[in-house]
Each structure stands twice: as C-alpha cells, then as structure tokens.
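The values are calculated or read from the model by the stated rules, or taken from the named source; none is laboratory data. Predicted model, so just to flag it, every value in this text is computed and none were measured. All Cβ positions, even for glycine, are placed from backbone atoms using ideal geometry, and neighbour counts span all protein chains on display. Protein only, heavy atoms only, side chains kept; ligands, DNA and RNA dropped before computing areas. Shrake-Rupley method; radii C 1.70, N 1.55, O 1.52, S 1.80 Å.
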Amino acid sequence: MEVVQGDLSAPTDLGGIFEGLGVVFHLAGETRDPRRFEAVNVGGTRRLVVAAAAAGVRRVVHVSSVGVFGSSESTVVTEATACHPGNEYERTKLAGEQMAVELAERRGLPLTVVRPANVFGDGDPQRRLATLIRSVRAGRFFFLGRGDAMLNYVYVEDVAEACRLLAARPGAAGQAYVVSDPCPLSEFVECIADELDVPVPARRMPLALAAPVAAASELASFALRRPVGLTRGRARAARSRQIFSADKLRAEVPGWPPVGWREGLRRVVAWYRASGII
C-alpha cells in the first residue's frame, strides 16, 4: 500500500495521483466543521471527479450518505425517494453527489453512488455504539413507548464489500444504491445483551416523558461535559419505524451482506471488550 496525503480543498493536491489507477473509491468528506462542508463535500468532490476523468480512471465509486434524503415521510426509503436535505451537511452531500453525477456524465466517466446508512464496526475511532452497549451492560437501557422502533445500521465490512462489488458491475455505472441492513431495535439490544451475558432489557419509558427527559439529559451533558444516554435525537430515532431499503443492492448483488448486522455487532462487542472500552 502506498499512502499519499492530500487535501480535497486544495486545487493542486490531486494532480497526477490517479494516473494508472483503475478504480477510485471516494470516501472523504467533512462531517463536523460547517465551515468546510462546501469546500470539501462539493468543491473537493468536483476536483476529484475532474482529476479521475483526466487520468482515464475506469470507475469512480462515490460514497455519499442516506442523509441526502433528509426528513422523508416515507416509511420505506428507496433510491426513488425524493431528497429533501434538512441541514447544511445533508445539503452539501446532496450537492456534491449531484455535481459528481452530472460531471461524470459529461466527461464519460463511469460513476456509481453509494448511500450508506449508519455505519458501525470494530475499530471505529468514534466508538458510536459504546454508550448503548454500556447502558445495556449496566441495566440502564430502556425502550421508548412500545419499543418497536427500527434501526438502519450497516456493518463496515458490508459497506466495503458493496463498494467493491458495485465497482466491478458494468450495470452499476450511473446508478445510486442505498446500503443499509435494517433491524428491529429490540433484536439489536437483545443481541448486545446475549453477547454481554446480561438480562435482556425490558424497561420502557412512556413517549410523553421522552422529550423532557432528553432535554434535561442534554443540559446535564453540557454542564458535566460528558455524554449521556438519551438525547432528543436518540429519542426521535428510538420512535422511528422508517426503513432505508437496500433491496436494489440485494437484487443485483446476491449474497449481500456477507457479514450482516448481527455478526457485525458480535464483533464490535468483542472488540470493545478486548480494547478495555467496556
């Protein structure tokens, strides 16, 4: 592996680095700093596509996000669902995606768009599932309302495999794919409890209490400068039954996902344990 460092927002940093390459997987993006959303997610993507086309690359796989759909009212979200981004990050991801598709078409560059849901996995530096897993282990986890929410997670190796397989499919050029492995929240939590060898959580909080409790938790988090288990965003997610459907991907790539959320979650719990995180 040869590592070459560069900056997508610097016009000169991409010159010549794609020469001799067959496939470019574009996974870089700004997710935290609003001041850099436009420069990286839109401008940087433009520079990458232009450089890849100039180098004669056979295929670009542009990794976007299901965030481009925004707050869709659809129960099942597919590639055909209209996009209504609700914040600046989602807007710039959609703008970058649309610009990449249009530019690739004009330059004759085969390009495939991949829209992953919430990616999780062992080795994640942000430890996205640590709070949830700790709350299940400590017996603090509770469901909101009936506890019938759906989760839209996807294991990191399954995302990588989707990108690899789609890059090799001629028919995937010019197409967009949702990459998600939906599952019920109750099954996700049960799997965590089984791996930790602790009782499966059964406590529930009435939906009417969720919003004020979440607001109070966020105030406490700000004052104490440490994360809390229930935020307003998590309260909304814990009530959602929306599914991001990967039926198109599953139909075109039989056998996907090769790992699946359940085995992926087992690996994450094992990694957290081995790393001393839980």
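Summary table below
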{"quantity": "Given (1) under 22 Å from Arg32 (Cβ atoms); (2) open to solvent by 20 Å² or more (accessible area, probe 1.4 Å); (3) not in a loop (DSSP other than H, G, I, E, B), number of the condition Gly96 does not satisfy", "calculated": "(2)"}
{"quantity": "Search result, residues across segment 119-144 that are open to solvent by 20 Å² or more (accessible area, probe 1.4 Å), in contact with a strand residue (DSSP E or B) (Cβ under 7 Å, 6 or more places away or on another chain) and outside any loop (DSSP other than H, G, I, E, B)", "calculated": "Val119"}
{"quantity": "Criterion: in a loop (DSSP other than H, G, I, E, B) and modelled with pLDDT of 95 or more - qualifying residue of Gly147, Gly174", "calculated": "Gly174"}
{"quantity": "Any hit, segment 80-92, residues being open to solvent by less than 50 Å² (accessible area, probe 1.4 Å), part of a helix (DSSP H, G or I), under 22 Å from Ala117 (Cβ atoms) and at pLDDT 95 or above", "calculated": "yes"}
{"quantity": "First in segment 2-21 and over 21 Å from Gly96 (Cβ atoms) and in contact (Cβ under 8 Å) with a residue 40 or more places away in the chain, second anywhere and hydroxyl-bearing (Ser, Thr, Tyr) and assigned to a loop (DSSP other than H, G, I, E, B), Cβ under 7 Å, 6 or more apart", "calculated": "none"}
{"quantity": "Residues of segment 1-26 satisfying the condition of being surrounded by 11 or more Cβ atoms within 10 Å (Cβ to Cβ) and of a type in the set (Val, Ile, Thr)", "calculated": "Ile17, Val23, Val24"}
{"quantity": "Residue tally, condition out of contact with any Asp or Glu (no Cβ under 7 Å at 6 or more places or on another chain), farther than 30 Å from Tyr272 by Cα and among the β-branched types (Val, Ile, Thr), over segment 81-127", "calculated": "3"}
{"quantity": "Ser65 touching a residue at least 24 places away in the same chain (Cβ under 8 Å) and within 17 Å of Ser240 (Cα to Cα)", "calculated": "no"}
{"quantity": "Test: Ser72 is surrounded by 15 or more Cβ atoms within 10 Å (Cβ to Cβ) and either within 15 Å of Val101 (Cα to Cα) or among the aromatic types (Phe, Trp, Tyr) (or both)", "calculated": "no"}
